[in-house]
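To keep things clear, I will list the structure first and then write my remarks on it.
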Amino acid sequence: MRATKRLLIVLVATAGVAVGVHAYSLEGLDGLLFAKTVHEDTIYAPGYSDTAFRKVHRSMTEAEVSRVLPSPISEVWTYNDRGASLASVQFVGEVVEGVRADGMASLDAVGVGMTKADVIARVGAPPAKNLIYTRSRNDSSYHVRVLALRNGKVAKRISEFYVD
């Protein structure tokens, strides 16, 4: 009877620790296990911290996010996310790094090297943005940290361990 009681206490304590780790970890238990067993090569935005990322919540404005987190590594502005089309512009810093027009004629006027101000002047502000705080150094497994904004507010906080 005593051994059964001890076993039950150990199991409950282990489950409690697992639930606590899963709740606190940005990636849950899966991320914790994969990050320890798979080679990862995450590059974080300068000044980024998981502690600050945890403070971001749905409906925060982009200005509120910028007070909590540093500038992202890159941004993707999405102009049409309906159906199969994902017309978008990718920035590194203030400069366009890539454009995916996907049939959106107004994005044909946007080119690599333009600034955010140039893009807004030509096609307007985007309805959706992804603020990207991490990337893989060698196109390998890494810790994903992205904020999806819709109409200037956080719609989703994405944190997972990407296994490649």
**Prompt:** Assuming L86 fulfils every condition listed in (1) hydrophobic (A, V, I, L, M, F, W, C); (2) modelled with pLDDT under 90; (3) under 30 Å from H39 (Cα atoms) apart from one, which condition is it?
**Reply:** (3)
**Item:** Residues of the range 49-63 classified as within 15 Å of H143 (Cα to Cα) and not in a helix (DSSP H, G or I), total
**Value:** 1
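Would you pick out the residues in the range 94-127 that are among the hydroxyl-bearing types (S, T, Y) and not in a strand (DSSP E or B)? Even if it seems obvious, please write down each step before you answer.
Within the range 94-127, the first condition is being among the hydroxyl-bearing types (S, T, Y), and the residues that meet it are 106, 115.
Listed by number, the list holds a single entry, S106.
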**Prompt:** Can you tell me which residue in the range 128-144 is modelled with the lowest pLDDT, limited to those that are in a strand (DSSP E or B) and closer than 14 Å to E40 by Cα?
**Reply:** S141
**Item:** Every residue from the range 126-161 that is of a type in the set (S, T, N, Q) and within 8 Å of the chain's Cα centre (by Cα)
**Value:** N130, T134, S159
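Just give me the residues in the range 88-106 being of a type in the set (V, I, T), over 14 Å from I73 (Cα atoms) and within 19 Å of the chain's Cα centre (by Cα), in sequence order. Show your work before the answer.
Kept after step one, since they are of a type in the set (V, I, T), are these residues of the range 88-106: 89, 92, 95-96, 99.
If we keep only those that are over 14 Å from I73 (Cα atoms) as well, we get 89, 99.
Once the filter is applied, which keeps residues that are of a type in the set (V, I, T), over 14 Å from I73 (Cα atoms) and within 19 Å of the chain's Cα centre (by Cα), the range 88-106 yields only V89.
Aliphatic (A, V, I, L, M), farther than 21 Å from R150 by Cβ, exposed (fewer than 13 other Cβ atoms within 10 Å of the Cβ) and out of contact with any strand residue (DSSP E or B) (no Cβ under 6 Å at 6 or more places or on another chain), is that true of A121?
On the way: aliphatic (A, V, I, L, M): yes; farther than 21 Å from R150 by Cβ: yes; exposed (fewer than 13 other Cβ atoms within 10 Å of the Cβ): yes; out of contact with any strand residue (DSSP E or B) (no Cβ under 6 Å at 6 or more places or on another chain): yes.
For A121, the condition - aliphatic (A, V, I, L, M), farther than 21 Å from R150 by Cβ, exposed (fewer than 13 other Cβ atoms within 10 Å of the Cβ) and out of contact with any strand residue (DSSP E or B) (no Cβ under 6 Å at 6 or more places or on another chain) - is met.
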**Asked** Going by the conditions given, is V76 surrounded by 15 or more Cβ atoms within 10 Å (Cβ to Cβ), closer than 15 Å to K153 by Cβ and at pLDDT 90 or above?
**Response** no
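Kindly establish whether S71 is in a loop (DSSP other than H, G, I, E, B) and of a type in the set (S, T, N, Q). Steps first, please.
Numbers: in a loop (DSSP other than H, G, I, E, B): yes; of a type in the set (S, T, N, Q): yes.
For S71, the condition - in a loop (DSSP other than H, G, I, E, B) and of a type in the set (S, T, N, Q) - is met.
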**Request:** Give just the number: which of (1) within 30 Å of H39 (Cα to Cα); (2) without any contact (Cβ under 8 Å) to a residue 60 or more places away in the chain does S106 not satisfy?
**Result:** (1)
**Asked** Assuming E94 fulfils every condition listed in (1) touching a helix residue (DSSP H, G or I) at 6+ places or on another chain (Cβ under 8 Å); (2) closer than 27 Å to F161 by Cβ; (3) among the acidic types (D, E) apart from one, which condition is it?
**Response** (2)
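Of everything in the range 124-139, what is of a type in the set (G, A, S), crowded, with 16+ Cβ neighbours inside 10 Å and closer than 13 Å to W77 by Cα? Give them in sequence order.
Residues of the range 124-139 of a type in the set (G, A, S): 124-125, 128, 136.
Applying the additional criterion that residues be crowded, with 16+ Cβ neighbours inside 10 Å yields 128, 136.
Result: A128, single match.
The values are calculated or read from the model by the stated rules, or taken from the named source; none is laboratory data. All of these numbers come straight from a predicted model, not from anything done at the bench. Positions of Cβ are generated from backbone atoms using ideal geometry, with glycine treated the same way; all protein chains shown enter the neighbour counts.
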